[in-house]
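First up is the structure itself, then whatever we jot down about it.
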Amino acid sequence: MLIDPKVTRLDIFNGGGGIIEREIRLSLNQGMNKFEIVNVPASFDPNSADIKLEYINPGDKDFISLQQTIISLPDRNTSQQIIDREKSAATSIISYSIDFTRELREKVTTICEASSYRTYSDMKGTFDFIINAKKEGEIIVKIRYFLNDRRIKWETTIQVNLNEDGKTAEIEGFIVVGNHSGFTYNDVELGFAIFEIPAISTITRGVDYFDQPSEEAYYEGEVAQQAMQAKGMKRTQRMRNLML
Amino acid sequence: MKANVPTRKKIKLKWFKSKCDFTIEREINIQYTANTATYNKQNWDVIVKYVLIKEGEPKDIPVNSPMTLYKNNLPFLFLTTSGTIGNKIISEKMIDDDITVDDDIVQIKEGKPEITFEDALKPKEHIEVRTRYDKILRKITIENKLDNEIELELNFKQTKDVTFVKSEPEPSVKEEPNYKYNVKIPSEEKKFVNFELQAKIVKRVTRIKPEFIKREKTQPK
């Protein structure tokens, strides 16, 4: 069964990406209940995908349980081919159209712009789950996943109005959220965190890490080795939530 | 905070608004090497940063956030933040072009060289090390081209080759190797700081040992 849980909360990172929380109330039949979540972007992190069941009737805890989740991302090459084809179609529409009336022009522009901005992250990922119910009932499902999409991020901008004495001022802070992804989030609880999602490792990009030429590797001696180890070591990065 | 975040759009949300204390911190950092201490003329930059101490609860503002300063409702400076410490919001450091610092040599009194020898790579040679301690007098001229009085901190840091002897005026804070001067300069005026420094000048020359020079002369061709 296809379901579209409402996005209830979106915690955005200033370095791009965020955490999405979605929620839906579901009616369950006795037996296995399979659900497919729609509108899951391909930029979601499959490893972080998490489902929590909230029992409306506390007695259901012994009868309703999450059996499994099924997660997958679309193939990159195929997705890219589809995106390229869409972009080419958009270019053709603009090139070969003789005339646009005012209304049509805006519609066509919107469609063409959307396709020109489309990337792999705007494709749809698969996030299914199976709930095992020993009896009929209702349940609230809470879904949470990381969004690895640097096109959605926030930044602050500060405005300082100096007073005439030159020693005091009025300071105003604004948060500017930029969403250049293909997804819209309406009426969501927003959270902001200072965090940067670690860059995709070279292994996942199909490059063998050990093939990377490193200047330090040529230096001999213990000091050089220690320095190299320290350089290759990860630095702590703790997420800090903004107090709004 | 609830909001709509539409696709391919930017939204601007109000975060906070409060009163704050505004201070401008300027500093000049001076440090010489044995070589630069003897230059006829040098120029130093005045580094300026803006510090805002905000009322109310602290806000964690990410580094490099754009900040615009307005005076009489007109923007007069665009800069970015370099960090926050509690209620303190600190701007990035910039060079203040309205304050000029000229550093001129006044006098060099060369010291008597002391000669020592070190082994060279070749057995017939040695390195002659000539060490002398020069007294150097330098004059720092700070000019305030702004239309208001400024306060700045001049930091002199002595190095292994150039050490502090005395200065006019005396430093406000003396913490070896740092010497700090709090300088107040009225609008369109100049202030001076005179340094007396000692520079260790070391010159190394590789020479043939005297005994081998003689032997070469006496050898028949």
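The values are calculated or read from the model by the stated rules, or taken from the named source; none is laboratory data. Just so you know, these numbers come straight off a predicted model, no measurement behind them. Please note: Cβ atoms are built from the backbone with ideal geometry, for glycine as well, and neighbour counts cover all protein chains shown.
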Some residue of region A:216-228 being at pLDDT below 95, touching a Lys or Arg at 6+ places or on another chain (Cβ under 6 Å) and either more than 7 Å from chain B (Cβ to nearest Cβ) or under 16 Å from B:TRP15 (Cβ atoms) (or both): no
Residue within region B:94-107 that is at pLDDT 95 or above, assigned to a strand (DSSP E or B) and in contact with a helix residue (DSSP H, G or I) (Cβ under 9 Å, 6 or more places away or on another chain) present: yes
Scan of region A:107-153 for residues that are within 14 Å of the chain's Cα centre (by Cα) and away from chain B (no Cβ under 14 Å), ordered by number: A:TYR120, A:MET123, A:LYS124, A:GLY125, A:THR126, A:PHE127, A:ILE143, A:ARG144, A:TYR145, A:PHE146, A:ASN148, A:ARG150
So B:PRO113, is it out of contact with any His (no Cβ under 7 Å at 6 or more places or on another chain) and within 14 Å of another protein chain (Cβ to nearest Cβ): no
Restricting region A:179-202 to residues that are at the interface with chain B (Cβ under 7 Å from one of its Cβ atoms), touching a residue at least 24 places away in the same chain (Cβ under 8 Å) and part of a loop (DSSP other than H, G, I, E, B), the residue that is surrounded by the most Cβ atoms within 10 Å (Cβ to Cβ): A:SER181
Failed criterion for A:THR156 (all others in (1) within 7 Å of chain B (Cβ to nearest Cβ); (2) of a type outside the set (A, V, I, L, M, F, W, C); (3) over 30 Å from B:ASN73 (Cα atoms) hold): (3)
Enumeration of residues in region B:60-118 that are within 30 Å of B:TYR133 (Cβ to Cβ) and of a type outside the set (A, V, I, L, M, F, W, C): B:ASP102, B:ASP103, B:ASP104, B:GLN107, B:LYS109, B:GLU110, B:GLY111, B:LYS112, B:PRO113, B:GLU114, B:THR116, B:GLU118
Strands (runs of 3 or more DSSP E) contained entirely in region B:155-207, each with at least 3 residues that are in contact (Cβ under 8 Å) with a residue 24 or more places away in the chain and not charged (D, E, K, R): B:162-168, B:178-185
Scope region A:32-71; condition over 26 Å from A:LEU147 (Cβ atoms) and touching a helix residue (DSSP H, G or I) at 6+ places or on another chain (Cβ under 9 Å); matching residues: A:TYR55
Residue in region B:111-122 that is in a strand (DSSP E or B), under 24 Å from the mean Cα position of the chain (by Cα) and acidic (Asp, Glu) present: no
Some residue of region A:135-142 being surrounded by 20 or more Cβ atoms within 10 Å (Cβ to Cβ) and assigned by TED's automatic domain parsing to the domain that holds A:ALA42: yes
Test: B:SER187 is in contact with a Phe, Trp or Tyr (Cβ under 9 Å, 6 or more places away or on another chain) and among the polar types (S, T, N, Q): no
Candidate set from region B:123-144 (those that are within 20 Å of the chain's Cα centre (by Cα) and of a type in the set (Lys, Arg)); member that is nearest to B:ALA199 (Cα to Cα): B:ARG138
Hits in region A:94-116 - residues which are buried (at least 16 other Cβ atoms within 10 Å of the Cβ) and under 21 Å from A:ASN39 (Cβ atoms): A:SER115
Qualifying residue in region A:61-81 (condition: closer than 26 Å to A:GLU189 by Cβ, at pLDDT 90 or above and within 19 Å of the chain's Cα centre (by Cα)): yes
